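Asker: Okay, here's the structure, questions in a sec.
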Amino acid sequence: MTATDHAIELVTTAARAGGEKKGEQIVAFDVSEQLAITDAFLIISASNERQVGAIVDAVAPDGVIEGIE
């Protein structure tokens, strides 16, 4: 089984948002076959803590990613 279309759409949206906030080395992993609790992991690097905060706010402004139940 591979990641659902919805999961891929969420990861793509989050990756774009992270990139817009100067995120670096953006990598997504399809882990749907290895883990039952999630379809994908998204890793975004940043060069300083302020950028990390900006990326977090862009990806999950209220601490929650919309569209996830």
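Asker: Please work out which option in [x] 4.4; [y] 4.7; [z] 5.9 gives mean projected area of the Cα convex hull in nm² calculated from these coordinates, and answer with its label.
Answerer: Calculated mean projected area of the Cα convex hull in nm²: the matching label is [y].
Asker: In nm, to one decimal, how far is the Val52 label point from the Ile37 one, both placed 7 Å along Cα→Cβ?
Answerer: 2.1 nm
Asker: Using Cα atoms only, what is the angle between the long axis of helix 5-20 and the major principal axis of the chain, expressed in degrees (0 to 90) to the nearest 10?
Answerer: It works out to around 10 degrees.
Asker: Helix 49-59: angle to the longest alpha-carbon principal axis of the chain, degrees 0 to 90, nearest 10?
Answerer: Rounded to the nearest ten degrees, it is 50.
Rule-based calculations on the coordinates, nothing more; no lab input. Predicted, not measured: the structure shown is a model, and the values here were computed from it. Using ideal geometry, Cβ is built from the backbone for each residue, glycine included, and neighbour counts are taken over all protein chains shown.
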